[in-house]
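Since the structure comes first, as structure tokens, the remarks are kept for the end.
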Amino acid sequence: MPAMTNREPPYLPFMKMHGLGNDFVVVDERRIAPRVDRTVTIAMADRHLGVGFDQLATISTTPEADISLTFWNSDGSVSAACGNATRCIARYVMDETGQETLRIKTDRGLLWAKDAGQGMTSVNMGQPELTWDAIPLSTEMDTLELPIEGRPTATGMGNPHCTFFVDDAEAIDLETRGAAMEHHPFFPERTNVQFASLIGPDQLRMRVWERGVGVTLASGSSSCATAVAAARLGLTGRDVTVRLDGGDLQISWRDDGVWMTGPTTHVFDGKWYL
């Protein structure tokens, strides 16, 4: 009979976090060899057989900033930006290091995060992309009102966004309309889809379908894109509250970029056995 051992099989340590219900698995690759790939991402994303998340993010080192982030959608595709995950990780690293500001490298570019006080964290998501080729769209057109029923607005925040302003965001069949718009031929890289209603002065109610994910309780980059679209259309000013299924985000479109402020939660730590 072979001798029994207490040797633990190889595993991937991870953290589960969320920003207003927009949930993430975070892997800190500063301390381990990189192990995250498309296969691992898809397996961990399964909410019945895995951990479950909207996005997975990895933290790594870089000489260009305090940390570098890479984002994976639950379908295994890569995203250049994820605002709520960036806020969650910024809070984690600021708590770890004692820093009140943080410089973060992403495929979106270099982003700044800061402690906003009272448990809130702010991230500057950079300036929005407003031209058809930067978003990108498949052909030249007016990004303020696309030639689609409902006249949505297209915005780039490191990933493409398509925002519909409607009378009642609650009444929209989000799963049907979001899934259809994600793959619209105007968006060669697919798109995030938002439906928003003006519910008060500088207050928007917004629901979101995320590219490569589906319906989510919140989305940081979608909130930024919706606030930018509302300001461009003259529906709001540049400082707005976006009310999501998971809670509220404060969005401020300033000269230095679009700032997003809200709460974060570190839910638990775990091990993914390889």
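Given Asp107, Asp133, which one is open to solvent by 70 Å² or more (accessible area, probe 1.4 Å) and under 21 Å from the mean Cα position of the chain (by Cα)? Can you show your working first?
Details: Asp133 fails: under 21 Å from the mean Cα position of the chain (by Cα).
After applying the criteria, what remains is Asp107.
Give me a count of the residues in region 84-104 that are buried (at least 18 other Cβ atoms within 10 Å of the Cβ), more than 25 Å from Ala43 (Cβ to Cβ) and either under 13 Å from the mean Cα position of the chain (by Cα) or of a type in the set (S, T, N, Q) (or both).
Number satisfying all stated conditions: 1.
Which one of the conditions (1) under 22 Å from the mean Cα position of the chain (by Cα); (2) of a type in the set (S, T, N, Q); (3) more than 21 Å from Gly234 (Cα to Cα) does Thr139 fail to meet, given that it meets all the rest?
(1)
Anything in region 240-256 that is small (Gly, Ala, Ser) and either over 21 Å from Glu210 (Cβ atoms) or assigned to a strand (DSSP E or B) (or both)? List them, or say none. Walk me through how you get there before you give the answer.
Of all residues in region 240-256, those small (Gly, Ala, Ser) come to 246-247, 252.
Gly247, Ser252 - these are the residues of region 240-256 that are small (Gly, Ala, Ser) and either over 21 Å from Glu210 (Cβ atoms) or assigned to a strand (DSSP E or B) (or both).
Based on what the data block shows, is Trp253 over 21 Å from Glu170 (Cα atoms), crowded, with 18+ Cβ neighbours inside 10 Å and touching a helix residue (DSSP H, G or I) at 6+ places or on another chain (Cβ under 8 Å)? Reasoning before the result, please.
Details: over 21 Å from Glu170 (Cα atoms): yes; crowded, with 18+ Cβ neighbours inside 10 Å: yes; touching a helix residue (DSSP H, G or I) at 6+ places or on another chain (Cβ under 8 Å): yes.
In short, yes.
For region 93-105, state whether one or more residues are touching a residue at least 40 places away in the same chain (Cβ under 8 Å), more than 17 Å from Asp23 (Cα to Cα) and not small (Gly, Ala, Ser).
Restricting attention to region 93-105, the residues satisfying the condition of being touching a residue at least 40 places away in the same chain (Cβ under 8 Å) are 105.
Retained after the next criterion (residues that are more than 17 Å from Asp23 (Cα to Cα)): 105.
Retained after the next criterion (residues that are not small (Gly, Ala, Ser)): 105.
Yes: region 93-105 contains one or more residues that are touching a residue at least 40 places away in the same chain (Cβ under 8 Å), more than 17 Å from Asp23 (Cα to Cα) and not small (Gly, Ala, Ser).
Can you list the strands (runs of 3 or more DSSP E) lying wholly within region 158-239 that have 2 or more residues being small (Gly, Ala, Ser) and either under 30 Å from Arg38 (Cα atoms) or touching a helix residue (DSSP H, G or I) at 6+ places or on another chain (Cβ under 9 Å) (or both)? Even if it seems obvious, please write down each step before you answer.
Working: elements: 160-165, 192-200, 203-210, 214-216.
Of the strands (runs of 3 or more DSSP E) lying wholly inside region 158-239, those with at least 2 residues that are small (Gly, Ala, Ser) and either under 30 Å from Arg38 (Cα atoms) or touching a helix residue (DSSP H, G or I) at 6+ places or on another chain (Cβ under 9 Å) (or both) span 192-200.
Considering only region 179-222, state which residues are closer than 14 Å to Gly21 by Cβ and charged (D, E, K, R).
Residues of region 179-222 that are closer than 14 Å to Gly21 by Cβ, as a first pass: 206-208, 210, 213-220, 222.
Residues satisfying the conditions are Arg207, Glu210.
Out of the residues in region 107-141 that are assigned to a loop (DSSP other than H, G, I, E, B), modelled with pLDDT of 95 or more and among the polar types (S, T, N, Q), state the one that is farthest from Phe71 (Cα to Cα).
Here the residue is Thr139.
Only residues that are among the hydroxyl-bearing types (Ser, Thr, Tyr) and either open to solvent by 60 Å² or more (accessible area, probe 1.4 Å) or more than 16 Å from Thr70 (Cα to Cα) (or both): list them for region 20-57, please.
Filtering region 20-57 for residues among the hydroxyl-bearing types (Ser, Thr, Tyr) gives 39, 41.
Passing the criteria: only Thr39.
Is there any pair linking a residue in region 170-192 that is over 16 Å from Pro147 (Cβ atoms) and open to solvent by less than 80 Å² (accessible area, probe 1.4 Å) to one that is assigned to a helix (DSSP H, G or I) and modelled with pLDDT of 95 or more, with Cβ under 8 Å and at least six apart or on different chains, and which?
If the second residue must be assigned to a helix (DSSP H, G or I) and modelled with pLDDT of 95 or more, the pairs left are Arg190/Glu182; Asn192/Glu182; Asn192/Ser221; Asn192/Ser222; Asn192/Ala225.
The values are calculated or read from the model by the stated rules, or taken from the named source; none is laboratory data. Here the structure is a predicted model, which means the values were calculated and not measured. Every residue, glycine among them, receives a Cβ derived from its backbone with ideal geometry; neighbour counts consider all protein chains shown. Accessible surface areas use protein heavy atoms only, side chains included; no ligands, DNA or RNA. Shrake-Rupley method; radii C 1.70, N 1.55, O 1.52, S 1.80 Å.
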